[in-house]
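Structure record follows, encoded as structure tokens.
The values are calculated or read from the model by the stated rules, or taken from the named source; none is laboratory data. Every value quoted in this text rests on a predicted model; they were computed, and no experiment measured them. Positions of Cβ are backbone-derived with ideal geometry, glycine not excepted, and every protein chain shown enters the neighbour counts. Keep in mind that these areas ignore ligands, DNA and RNA; they rest on the heavy atoms of the full protein, side chains included. Shrake-Rupley method; radii C 1.70, N 1.55, O 1.52, S 1.80 Å.
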Amino acid sequence: MRLTPFNVHACERGKRYAAVQVPRNRSRFILTAFCFTAIYCTIGARLIQFAVARPAEEAIAVVPLPASRPDILDRNGRVLATDLRTFSLYAEPRKIVDVDEAVERLTAFLPDLDPAQLYRSLSTKAGFVWIRRKLTPRQKQELYDSGIPALGFRPEIKRFYPGGRTAAHVLGFTDVDNRGLSGIERWIDRQGLLALRKAGLADADALEPTRLALDLRVQYALRDELAKARKTFASTAAEGLVLNIKTGEVLALVSLPDFDPNDPVEAGKPDRLNRISGGTAEMGSTIKTFTTAMTLQMDGANLQTKFDTTQPVMVGRRRVRDEGHLEDRPMTVQEIFVRSSNIGSAREALDVGVEKHEAFLRQMGLLSSLDVELPEVARPQVPSRWSRATTVTAAFGHGFATTPLQTAVGIAGILNGGKLVQPTFLKREPSEGAPPSREIVSQATSRSMRQLYRLNVTSGTGRMADVAGYRVGGKTGTAEKVIDGRYARHHNFNVFSAAFPMDDPRYLVMTIIDDPQAGVPTYLRTASYTAAPVAGNVIKRIAPMLGVMPKFEMTATAD
């Protein structure tokens, strides 16, 4: 084409236009190129990520384990609670193609799953739902081998109690996240374990075991005897404890019915309460231990001091009587205790005085909450005003309710030389020195009470608890239960408090048979015929374990 002046002019104008447009086109080009590059880089990165990603089984293994808990040991080093590594099953519903098939296959392996609930959980677009926590090794392997899509396993820790029900109320249990909910397990959390978890320091290797005062051998023997007694007497409950009188250590505690901490579905039932420390009751004539000690300590009395028991004691319009016939003469302090006279005990308390009586029981620790490691501790039920009527009924164990544990601790203080020792569920080492204590009665009063305890077993209401060679002493307590606001006949709360050996008491055994309805005639459903023989059976089994040697008196025989 020939260039004309017009063409030349047009070309020059086009060049000027192009020169003006190039910068704008170039910016647009660079921006577009950058966007496409970023998109392709993102896609490439995701493809690389998918290409090198590990299977779900491997990927979940990098999830850190839940925080560990310290092992719990008995006083001899036997394991009572420990952590086990386990796996929990989860699903990713948004990745499930056929929900019906997934539900069918999962319920085949885990038949106790609720199919309807499982279907609802898997039908969502959620990225994560739990299916089953704490699988057994076999369940985990079978599910892994099944190849069900969109499932994964997370490593977790399961708390395991080798003894099952044996020490359930002492140990307590944990939830699915390994947090203590009751018993010593909850106490451990309160001592700083939760703070260690938050700081990332709750590693299994860094946690010292918690050593309890509990003796697993003694615990098993106590539970076994109480379980047999509960069956024999068809009782609502059976409870007991073994206490070291000198150190305050609780060697055994049982409350039946109980539960399995490995599967604590029953733990929340009202009848599974820890009745020894978490329940209160009118303790019946075992409280006469305190009334008698108070008389000897505060009233200047001795075992031969006499009180008038020939007439009932009036409380308003009601009369306090003794079972059987009235004596036509005064009774001594010794007779009142051994024969378990309600009239005599009421006279003793009234002679000391209403205010001093309340103060003495408070000093014994019976009217305030017990300070102990277990969180399940009930507050005693005490009248808002301590009156003359309260003193009369409280003298023989009615009118106020306290826990069996604090009753046992108070009795131990009276028998051990007169010192109320702070109780504990943790092992006390000899290197720690003398346990915390305070004086509550004199040694002279303590010696007299030991004499009465032994006499009550040899010739009083506790004869069925005697064990040859072990110098057992004890006191019975039979209290009518309060049902619908009234005392119910033939529904008794039977207690026996025993100690041995009485020349130098080392251990206290308390057994309780709550509302016996079989095994003996109705008129014999008292502590003497139910709780006392159980205590004797327990002592017979545990005394050799505890190193208490029997002593037999040699009797002379004629040639």
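Can you give the convex hull volume of the alpha carbon atoms of region 66-114 per residue, in Å³?
Cα-based convex hull of region 66-114, divided per residue, equals 123 Å³.
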**Prompt:** Across 20 Å bins from the origin, how do the percents of Cα pairs in the chain run, short distances first?
**Reply:** 18, 38, 21, 12, 5, 3, 2, 0, 0
**Message:** Check which residues have an amide H placed less than 5 Å from Leu135's amide H, if you skip close sequence neighbours.
**Reply:** Phe87, Ser88, Leu89
**Message:** Using protein chains only and a probe of 1.4 angstrom, how many square angstrom of Phe34 are accessible, to the nearest 10?
**Reply:** 140 Å²
**Prompt:** Hey, which lysines would be in cross-link range of Lys481, C-alpha to C-alpha under 23 Å, not counting anything within fewer than 8 residues on its own chain?
**Reply:** Lys228, Lys231, Lys269, Lys288
**Prompt:** When the chain is fully extended, how far beyond the present Cα-Cα distance does Leu546 get from Asp503, taking 0.36 nm per residue of separation?
**Reply:** 13.8 nm
**Request:** Quote to one decimal, in nm, the extra length available between Ser368 and Asn262 on full extension: 0.36 nm per residue of separation minus the C-alpha distance between them.
**Result:** 34.8 nm
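Taking DSSP loops as anything outside H, G, I, E and B, show the longest stretch in the chain free of GluC sites (Glu not before Pro) there with at most 11 other beta carbons within 10 Å.
On the way: sites that count: Glu323, Glu553.
The longest uninterrupted stretch comes out as 1-322.
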**Asked** How many nm is it between the label spots at Cys41 and Asp98, if each spot is 7 Å from the Cα in line with the beta carbon?
**Response** 4.3 nm
**Item:** the chain, helix-only ellipticity at 222 nm - DSSP H runs n ≥ 4, -39,500 (n - 2.57), divided by all residues, nearest 500
**Value:** -11500 deg cm²/dmol
**Message:** Output wanted: per-residue J couplings in Hz (rounded whole) for region 100-112, from phi through Karplus 6.51 cos²θ - 1.76 cosθ + 1.60, θ = phi - 60°, x for Gly and Pro.
**Reply:** 4, 5, 4, 5, 4, 6, 5, 5, 5, 7, 10, x, 7
**Item:** Label point 7 Å beyond Cα of Glu327 along Cβ direction - residues of region 516-543 with amide nitrogen under 16 Å
**Value:** none
**Fill in**
Karplus ³J(HN,Hα) for region 364-379 (6.51 cos²θ - 1.76 cosθ + 1.60, θ = phi - 60°; Hz, whole; x = Gly/Pro) runs 6, x, 8, 10, 9, 5, 7, 9, 8, 5, 4, x, 7, 10, 8, 8
**Prompt:** So how far, in whole Å, is the C-alpha centre of region 233-251 from the one of region 112-136?
**Reply:** 44 Å
